[in-house]
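These notes concern the structure reproduced below.
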Amino acid sequence: MRTKLVGGNWKMNTNLGSARELARAAARGVTDSPATVILFPPFPYLLAVGGVLQDSGPGVRLGAQDAYPGADGAFTGEVSLSMLADCAVSVVLVGHSERRHLIQETDALIRAKAHAVLDSGMTCMLCIGETLEQRERGETDAINRRQLESALTGISPDCASRLVVAYEPVWAIGTGRTATPEDAQTAHLGVRGVVASILGSNAAESLSILYGGSVKASNAEALAIMPDIDGFLVGGASLVSAEFLQIVEAVS
Ligand code: PGA
C-alpha cells in the first residue's frame, strides 16, 4: 500500500501571520485524513510553522523548498540540510521546475541535491516534468526518464523508501491548464517503469508518485482515482485553506 501524500508548496508567498494561519488550518483540518500532508513554507517561516505543527501528530510534516547539497561553510545565501534538520524539516523539494527553468539549476546540481537529501536521512521529493515544446514533440517520457536517471542513478536502494517523485508538467504549473487524468496516469506509469529500472521493481511499486500542475478542488478527484497517482503537489491552491483541505479530502 503506497503512502498517499499532498504537498502544499507555498513558493515565495505568505508572511509570518498568514503562514501560521495556513499551518493551523492544515493541522486542524487533516486529523482524520489517511493522507499525509507536507507543508513547504518559505525558509524564514520554517520555525514558526514548525512550532504550529509541533502538537499536530504525524499527519502533517514540515518540508523545505530547497537545500544546499554540502556541509555548513562559506556558501552565502544558501541553507544546509543540518540547518533544516534543526528546524524539524523532514522533506526537501528537489528539482522543482521553477528552480530548473527560472533559477537555471543544472541536472548535476539537482543530482547532488537529491543524493545529499537522501544521505541526510530526510525524504527527497524529486520534481520532474516536460515543457510544452517537449510535450508537443512527443518527448514527455524521454524527458522524465532523463531527469530521473540523472538524479537517481547511484542512490542506494536502502534510500528508496525516502524518495517521492512529483510529476509536474511545466506547462501546467500555475497556468490553470491541468493534464487530463489519462495523460497524467500514462506519464506516472512511465515514471514507475523508469524507477523500476533504476531502483528495482519493489521500490518502484511502493513509490508515491504525485501529480502537480494547477491541481484544484474541482479537478483533484478525477486525478486521484487514477491507479498510479498517489497524491498531489499543490502550489496556488495550497494558499487557500478550504480549497487545500478539499484536495486532501479527494486523495483520501
Ligand atoms: P500550481 O503549482 O499548483 O500553482 O500549478 C504546482 C507546483 O509548482 O508545485
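The values are calculated or read from the model by the stated rules, or taken from the named source; none is laboratory data. Keep in mind that what you see is a predicted model, and the values were worked out from it rather than measured. Every residue, glycine as well, gets a Cβ built from its backbone with ideal geometry; the counts of neighbours run over all protein chains shown. For the accessible areas, the whole protein counts, side chains as well, though only heavy atoms, and no ligand, DNA or RNA atoms are used. Shrake-Rupley method; radii C 1.70, N 1.55, O 1.52, S 1.80 Å.
Let me spell it out: the conditions are (1) farther than 28 Å from E78 by Cα; (2) buried (at least 20 other Cβ atoms within 10 Å of the Cβ), and L132 meets all of them except one. Which number is the exception?
Every listed condition holds for L132 apart from (2).
Can you confirm whether A217 is more than 14 Å from the ligand (Cβ to nearest atom), small (G, A, S) and either within 23 Å of S18 (Cβ to Cβ) or buried (at least 17 other Cβ atoms within 10 Å of the Cβ) (or both)?
Numbers: more than 14 Å from the ligand (Cβ to nearest atom): no; small (G, A, S): yes; either within 23 Å of S18 (Cβ to Cβ) or buried (at least 17 other Cβ atoms within 10 Å of the Cβ) (or both): yes.
Answer is no for this residue.
Looking only at segment 77-87, filter to residues that are assigned to a loop (DSSP other than H, G, I, E, B) and either exposed (fewer than 14 other Cβ atoms within 10 Å of the Cβ) or of a type in the set (A, V, I, L, M, F, W, C) (or both); which one of those is farthest from the chain's Cα centre (by Cα)? First the steps, then the outcome.
Just the residues of segment 77-87 that are assigned to a loop (DSSP other than H, G, I, E, B), to begin with: 77-79, 87.
From what's left, either exposed (fewer than 14 other Cβ atoms within 10 Å of the Cβ) or of a type in the set (A, V, I, L, M, F, W, C) (or both): 77, 79, 87.
Working: G77: 23, V79: 18, C87: 19 Å.
The extreme case among them is G77.
One line per residue, one yes/no per condition, for (1) outside any helix (DSSP H, G or I); (2) at pLDDT below 95:
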{"site": "L47", "(1), (2)": "no, no"}
{"site": "V52", "(1), (2)": "no, no"}
{"site": "S56", "(1), (2)": "yes, yes"}
{"site": "R61", "(1), (2)": "yes, no"}
{"site": "F75", "(1), (2)": "yes, no"}
{"site": "V89", "(1), (2)": "yes, no"}
{"site": "L109", "(1), (2)": "no, no"}
{"site": "V117", "(1), (2)": "no, no"}
{"site": "C124", "(1), (2)": "yes, no"}
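Can you name the residue in segment 222-231 that is farther than 15 Å from V191 by Cα and buried (at least 17 other Cβ atoms within 10 Å of the Cβ) and, of all such residues, is farthest from the ligand (Cβ to nearest atom)?
Within segment 222-231, the subset farther than 15 Å from V191 by Cα is 222-225.
From what is left, the residues that are buried (at least 17 other Cβ atoms within 10 Å of the Cβ) are 223-224.
Details: L223: 12, A224: 15 Å.
The selected residue is A224.
Which one is farthest from T106 (Cα to Cα) among residues in segment 136-178 that are open to solvent by 60 Å² or more (accessible area, probe 1.4 Å) and within 16 Å of the ligand (Cβ to nearest atom)?
Filtering first and then ranking leaves R177.
Being near the ligand (Cβ under 10 Å from one of its atoms) and touching a residue at least 24 places away in the same chain (Cβ under 8 Å) narrows it down to one residue among L239, L207; which is it? Don't jump to the end; show me each part of the working.
Details: L207 fails: near the ligand (Cβ under 10 Å from one of its atoms).
Testing whether each residue is near the ligand (Cβ under 10 Å from one of its atoms) and touching a residue at least 24 places away in the same chain (Cβ under 8 Å) leaves just L239.
If you check G7 against the conditions, is it under 23 Å from C127 (Cα atoms) and crowded, with 22+ Cβ neighbours inside 10 Å? Lay out the reasoning, then the answer.
On the way: under 23 Å from C127 (Cα atoms): yes; crowded, with 22+ Cβ neighbours inside 10 Å: yes.
For G7, the condition - under 23 Å from C127 (Cα atoms) and crowded, with 22+ Cβ neighbours inside 10 Å - is met.
Give segment 31-50 a look and list any residue that's open to solvent by 10 Å² or more (accessible area, probe 1.4 Å), in contact (Cβ under 8 Å) with a residue 40 or more places away in the chain and out of contact with any helix residue (DSSP H, G or I) (no Cβ under 6 Å at 6 or more places or on another chain), or say none. Walk me through it before giving the result.
Narrowing segment 31-50 to residues open to solvent by 10 Å² or more (accessible area, probe 1.4 Å): 31-34, 36, 42-45, 47-48, 50.
From what is left, the residues that are in contact (Cβ under 8 Å) with a residue 40 or more places away in the chain are 33-34, 47.
If the condition is that a residue be open to solvent by 10 Å² or more (accessible area, probe 1.4 Å), in contact (Cβ under 8 Å) with a residue 40 or more places away in the chain and out of contact with any helix residue (DSSP H, G or I) (no Cβ under 6 Å at 6 or more places or on another chain), then P34, L47 are the ones that fit.
Would you please name the residue that is farthest from the ligand (Cβ to nearest atom), looking only at residues in segment 91-107 that are surrounded by fewer than 17 Cβ atoms within 10 Å (Cβ to Cβ) and not in a loop (DSSP other than H, G, I, E, B)? Explain how you work it out, then say what you get.
Initially, segment 91-107 is screened for residues surrounded by fewer than 17 Cβ atoms within 10 Å (Cβ to Cβ), giving 101-104, 106-107.
Filter once more, so that each one left must be not in a loop (DSSP other than H, G, I, E, B): 101-102, 107.
On the way: H101: 11, L102: 11, D107: 19 Å.
This residue is D107.
Run A27 past the list (1) in a loop (DSSP other than H, G, I, E, B); (2) under 23 Å from G235 (Cα atoms) and report the number of the one that doesn't hold.
Checking A27 against (1) in a loop (DSSP other than H, G, I, E, B); (2) under 23 Å from G235 (Cα atoms), the one that fails is (1).
Would you mind finding the one in V194, V248 that is surrounded by fewer than 23 Cβ atoms within 10 Å (Cβ to Cβ) and at pLDDT 95 or above?
Within the list V194, V248, the selection yields V194.
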